[in-house]
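To keep things clear, I will list the structure first and then write my remarks on it.
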Amino acid sequence: MIHPKMRRLLILVSFLLLAFSSAFSQISTDAGLTPAQDRWIFRTQYRAMGMENSMMKMNTQMVPVVLGYGITSGVSIMARAMYMRRSFSNSEIVNSGVNDFYLLSKFRLFRRNTATYSFGIAPFVASNIPMGSKDVSNRTWNPEIGLNFSFRPRFFSVDLSTRYIFHDVLEKLTTEHNDRYAIDLAFSGKIPINATSSQVISPVVEFNHSSSNNLLFISPGASFLSSSFGIEALYQIPVHESEQANQMVQTARWIVGLKYLF
């Protein structure tokens, strides 16, 4: 785990970024993607993550490909496919393949636009389709329900996503339901880099919490936005995790990607 002094420094840097950033939605989660009516959004990322204990390390790389569409001004849908590769420090075995297909529908519950801010609430429902490669998927149904909150006062943004995952809802592997919830909070802004504001740098800080092992990440990052195109990067640092004997703990994660609205 990260040293306590380094943890305090990371928290301080995070709040300084919040104070001085002047992005657009979260980078770590797809639930915030909301294309306008009759518009599409494409996103792909490279994600690198790991876990370790005293005996071994496990490294995982993922490449999700996401396509979203705005059916109406208040309803959007999203589909995701994802390639995964997992390796272990104490073995030459590599597990790889395409993971479960994933579908999400998002609905506008409330929206208020004023001269000084906008505020919105949007629930969503989602589920995997357990048809992925057996090397990377246990092929269980894990439906989700969630809620998104978005608050944008002028050039600043606050986005909150909450979701509850019903793990193995058909009890394929166990009758013990290990349901979990997750909360992702992002603070971001826009810093124009040309006179027309068509290109901006968007610093972002996310706080990512999962009930699984009471895991918390602080995640600084940034996006470069140019018209309908964006490049994004996020560094997820584990600052808290419940520990048990011989349990594998999370290491830092990288996310880099791009998105395009058309």
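No lab work stands behind these numbers, since they all come straight from the coordinates. As the structure is a computational prediction, the values presented were derived from the model and not from experiment. All Cβ positions, even for glycine, are placed from backbone atoms using ideal geometry, and neighbour counts span all protein chains on display.
Quick notes on this one:
- Each distinct pair of alpha carbons in the stretch 41-190 adds a 1/r term; the inverse of their mean, the Kirkwood radius, is 17.8 Å.
- Expressed in Å, the radius of gyration and Dmax of the Cα atoms of the chain are 18.9, 60.
- Euclidean distance between Cα centres, the stretch 87-142 to the stretch 190-262, Å: 16 Å
- Qualifying trypsin sites (Lys or Arg not before Pro) for the stretch 170-262 [loop in DSSP, other Cβ within 10 Å: at most 16]: LYS172
- Local electrostatic count at ILE231 - Lys and Arg +1, Asp and Glu -1, tallied over other residues with Cβ under 12 Å: +1
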